[in-house]
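Below is one structure; the comments refer to it alone.
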Amino acid sequence: MKEQNKDITPPKYADRFLSWFCRDELLEEVQGDLYEYYLIAREENSRRKADLLYWYHVLHFLRPFAIKRGRQNLNAAIMYKSYFKFAWRNALKHKANTFMHLLSLGLGVACFIFIFVYLKGELSYDKFHQDADRIYRVAIDFVDSERRRLPDATTPPALAPALTKDFPEVAASVRLFPNWGGKFLLGTSPDRKFYEERVIRTDSTFFDVFSFPVLYGDTKTALDNPDQMVITRSAAIKYFGKEDVVGETLTLFDEEKTIYKISAVLEDVPVTSHFKFDFLARIPFQNLEQNWGWYNYYTYMKLASGADIATLEPKLQPFFESYLEEREIYNIIYSQPLTDIHLKSNLKWELEANGDMNNVYIFSMLAIFVLIVSCLNYLNLNVAESFKRFREVGVRKVFGANKRTLVGQFLVGTFLITLAALLLGSVLSEILFKTLGDVIGRKISLLDPENLQLFFGISLVVLLVGIIAGLYPAIHLSSFKAAMAVKGLFNPSGKSVSGLRRSLLVIQFAISTFMIFCSIAVYQQLQFVKNVDKGFSSEQVMVIENVGDIRNQQTLKTELLKINEVSSAGLSNGIIGGLNWTTSLGYPDAFTMNWVVIDPEFIETMGLELIEGRNFSRERPGDTIGVTIIVNETALKELKLTHEDIGKSLPLYEPEDSLDTGRGTVIGVVKDFHFTDFKSTIKPFCFFYRAEPQDYLSLKLSTANVPETLSAIENVWSDFSNQTPLEYFFLDKSFAELYAKESQLSNVLLFLTILALFIAFIGMFAIANMTIKDRTKEIAIRKVLGASVSNVVMLITRNFLWLVVIANLIAAPIAYLTMQRWLEDFAYRTSLGVALFLVTIISTLLVAWATVGFQSFRVAIGNPVKSLKQE
Amino acid sequence: MKGTNLGEFEELILLIVGVLFPNAYGLSIRQEIIDQTGRKVAIGAVHSGLNRLEDKGFLESKLAEATHERGGRRKRLFSITAAGQRALTKNHELRNSLWDQIPDLVWKT
């Protein structure tokens, strides 16, 4: 019994806190009640919960009736008041300095908060699903004859049902079938319809795996019938003007005019979902359960609670192979945790452009760097400035101030500044969130409760800096004899102090140098990638998307070509750099070949360069049959063909059945062109020609006057389109998305570099200013003795320039190695030359010289008599 | 001293002190409030109310002897004073008389 009681004691600090603030005459009964309460609470709850409850009730006693009063030490209160008064006066006296402190510290804080809140969003992808840790995506690496693995996110439709059937560990599985570039004409009536891209077809088990927040309807039965549809809140408002639309119908205006009944309305898909949609319907195709050959479905599974992915994973490959016909090489199947997809998965055909864990690391590193620079800067400035107050300290000591009171005084001063900077930084970051909300694609605010922790973290860091910044000079100064200080016999640029000052400056400049180097390198790589010969020209190419429904496409082309500014027009069923298809080709060794179907004019429209053989021709009907292809150089190599083989009928693939010859003809070769990002090398690509209507019509425009041309195109379009709206985009814009990640990195880096450099600049400016003031007399005497202006300027700047050189020597090699590693990801990369080093060192030197040189020049041209006469 | 009228929460406490007599102290009063009304109140809120009622002269208290489960601390037992009783009666009567004055028609709608 006794032992038990000993174990059950309320949290010590809460108790101590209570006895500290609670009036003595109340303490006994209050403590008794709370103690008794705690015993009951412990029986019903966990220790943590009970402790928390105890704290809650203790804090609830912070009411006027219970708090001690009138017993404070009056003397101490007056002292604190005077601390505040002096801190305030000091801040006002040095307005410029105070402003600089606030600005540099505030900017650092703002930048840190902004980046980390943003990154927290990146890291929270897909975590909103219930049991998100038990949901996995199954992906497949294609393996070619040379055993190279081509990672791919798509899987056959038979996989998901087989997973549920064969593994008791799999509680539910679901397939997703996205729109694959297609558009769905949905509407409530024939005159109220829109093209929709965000349509996903799926299974009835969708909500067994995923848990998107529901507004109306029951998700358990929402997709049980093939004619049911689930839509999001914004889709409901768009079509019906209200949210609760369960029971209403939407018609899909295709040939069958399918009518869908809306069974549930979801909250809009959160930004932190790796796939987004507005409409969910059932997969309309039959006989998918035996289909192991199509790779265009996404497979997700949710494990039963208690099941371990580690025991399931090794069973996946044998399971997969057991369903396939016997073969020499199998593709490799594996699972990915749902919550890792956004940052760690970068497969072909991701449902949405994913983030990158590397960028998360880089950004957080940068944010920490900027914060370090700004904190060091504040530390440095504050330490340097407080040594100018040694006389004040001396007087205080004479009047009886001891170490404790001095420390108190300095701490109050730094605390006020850091608190104000914290406030400024928070406000600035909030403004950034508001203004950049559209750019980063989500609404965030520091006031969101989930960001509280981060805010406390940064507050702690900044306040700690405040403590150090106040403590160091206070302790240092209080160790001097009062008499010496009053007499002014203390040298504020003493060795230990200036040593610290210099090392802090070096660290700041080293970080700035590092960042300059990196941002130039990233920029250089980006420019390099942009200027790499893509092998085709994406400028001024306009792609019309929904031409698939138009029967007389050739007439449409002829009519469009009558517009002067349209120089050529080509049809295709894919977009280079956007959408293409893959198949297995090559004999006897098969590999993955990317392909699109085109018409003879497409090659010219895209500016692809035909280097051997011939283009497709309308006069040769044979071109539209079988494997008659134009390939790129890489594909020619992979097919192991030489230019003599062009135009000959050769075995190109494994025949599927006895009727199939497996033969085909390569009729032409185009120069290699880029159709993926620049992180991978050029892959094999080929073109087919078919006479049927295709989905995309690309137009090469020869004008800068786009609006006028557009309206001309729209006029032609309306004659053909049967009232479907014109949907188009420009190819160079969609191509730019291929290196959007690098662009983003480059922009953020540039911004942060400027910020860090600016803060370092403030620091150096202030330190130089102080040094020069300390040495005004020395300079005057030197001038009197015959020193020239340039001598004096050199004398002052030399020291600072040395610091910058040292900073460069430290930072440049590290930056070089870092960027070299970053570049390794790219198949096409720029080289980091000597020029980069030179630019970095020269730019930092220039900044240093400008800050210090200008000030020293001003002193040097001044009249020495004036400065000597002072005092 | 503040005014001697009785707030709603104060009246509740006062009544419950009566209900629990002779064993009315902070924690037991809180528990009774939760049980009878379902209102979640902090211990501090109860103590604050008790304190106010004692200031107004509606309650008196004495310290009981120490018990083991309170870590040897004594509890303060409260009981209603004559003034407290008067205040309660006044409230009760006022309410009853107002209740009786409501015409029956009001309840018909």
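The values are calculated or read from the model by the stated rules, or taken from the named source; none is laboratory data. Bear in mind that the values here come from a model prediction, so they are computed numbers and not experimental data. Glycine also receives a Cβ, built like all others from the backbone with ideal geometry; neighbour counts cover every protein chain displayed. Ligands, DNA and RNA are stripped out before the accessible areas are found, and what is left, the full protein with its side chains, is counted by its heavy atoms. Shrake-Rupley method; radii C 1.70, N 1.55, O 1.52, S 1.80 Å.
For the protein assembly as shown, the calculated P(r) over all alpha carbon pairs, in 20 Å bins from 0 to the bin holding the longest distance, is 10, 27, 29, 23, 11, 1 percent.
The candidates B:R52, A:R63, A:R618, arranged from most to least accessible area with a 1.4 Å probe in the full protein assembly, appear as A:R618, B:R52, A:R63. Peptide B:46-56 is shielded by partner chain Cβ atoms: per residue, an average of 3 of them sit within 10 Å of its Cβ. Site pair A:N402 and A:Y334 shows an inter-label distance of 6.7 nm when each label is modelled 7 Å from Cα along Cα→Cβ. The calculated FRET efficiency for the pair B:N96 and B:R39, based on their C-beta separation and a Förster distance of 22 Å, comes to about 0.40.
Taking a point 7 Å out from the Cα of A:N296 in the direction of its Cβ, none of the residues of region A:700-738 has a backbone N less than 20 Å from it.
Chain B and chain A together bury an accessible surface of about 1900 square angstrom, both sides counted, with a 1.4 Å probe and no ligands or nucleic acids included. Potential lengthening of the chain between A:M79 and A:D549 amounts to 160.8 nm, from the contour at 0.36 nm per residue minus the alpha-carbon distance. Region A:24-73: which trypsin sites (Lys or Arg not before Pro) are DSSP loop and have at most 11 other beta-carbon atoms within 10 angstrom? In loop regions of region A:24-73 (DSSP not H, G, I, E or B), the sparsely surrounded trypsin sites (Lys or Arg not before Pro) are A:R69, A:R71. Inter-label distance, A:R47 to A:T676: 5.4 nm, where each label sits 7 Å from its Cα along the C-beta direction.
Counting only heavy atoms of the protein chains and using a 1.4 Å probe, A:V199 has close to 10 Å² of accessible surface. Our estimate of slack between A:L845 and A:A420, defined as 0.36 nm per intervening residue step minus the Cα-Cα distance, is 149.8 nm. In summary, the helical segments of chain A meeting the span-like criteria, namely a full DSSP H run, a Cα extent along the axis of 27 angstrom or more and a mean Kyte-Doolittle hydropathy of at least 0.0, are A:95-123, A:357-386, A:403-440, A:452-478, A:495-531, A:740-774, A:789-823, A:834-861.
Rounded to the nearest 0.05, the FRET efficiency derived from the C-beta distance between A:D166 and A:A740 at R0 = 60 Å is 0.90. As a rough guide to protection, the peptides A:336-346, A:99-109, B:14-24 ranked by mean Cβ packing within 10 Å, highest first, stand as A:99-109, A:336-346, B:14-24. Heavy-atom accessible area with a 1.4 Å probe sorts A:E197, A:E737, A:E545, largest first, into A:E737, A:E197, A:E545.
Over all directions, the projected convex hull of the C-alpha atoms in region A:148-328 averages 12.2 nm² in area. Among the listed pairs A:K183/A:K683; A:K257/A:K348; A:K276/A:K733; A:K348/A:K637; A:K238/A:K302, those with a Cα-Cα distance over 25 Å are A:K183/A:K683; A:K257/A:K348; A:K238/A:K302.
Taking the DSSP bridge list for chain A and keeping only pairs wholly inside it, about 75 percent are antiparallel. Label separation (A:S124 vs A:D657): 5.5 nm, computed from points 7 Å beyond Cα along the C-beta direction.
Each 5 Å bin from zero holds the following percent of Cα-Cα pairs in region B:8-104: 2, 13, 22, 21, 17, 12, 6, 3, 2, 1, 1, 0. Ordered by solvent-accessible area of protein heavy atoms (1.4 Å probe), largest first, the residues B:H92, A:H129 come out as B:H92, A:H129.
The peptide list A:461-467, B:84-90, B:26-32, put in order of mean Cβ contacts within 10 Å with the highest first, becomes B:26-32, A:461-467, B:84-90. The protection proxy used here, the mean number of other Cβ atoms lying within 10 Å of each residue, ranks peptides A:675-687, A:582-594, A:641-653 as follows, highest first: A:675-687, A:582-594, A:641-653.
Net length available on complete extension from A:D645 to A:N791 is 44.8 nm, with 0.36 nm assigned per residue and the Cα-Cα distance removed. Solvent-accessible area of chain A (1.4 angstrom probe, protein heavy atoms only): carbon and sulfur portion equals 58 percent. Computed with a 1.4 Å probe on the full set of protein chains, the accessible area for A:K637 sits at about 150 Å². With a Förster radius of 45 Å applied to the C-beta separation of A:D224 and A:E539, the computed FRET efficiency comes to 0.35.
Accessible area per residue was computed with a 1.4 Å probe on protein heavy atoms; A:S211 scores about 40 Å². Excluding ligands, DNA and RNA, the accessible surface per residue across the protein assembly as shown is 50 Å² with a 1.4 Å probe. A convex hull fitted to the Cα coordinates of region A:546-726 yields 136 cubic angstrom per residue.
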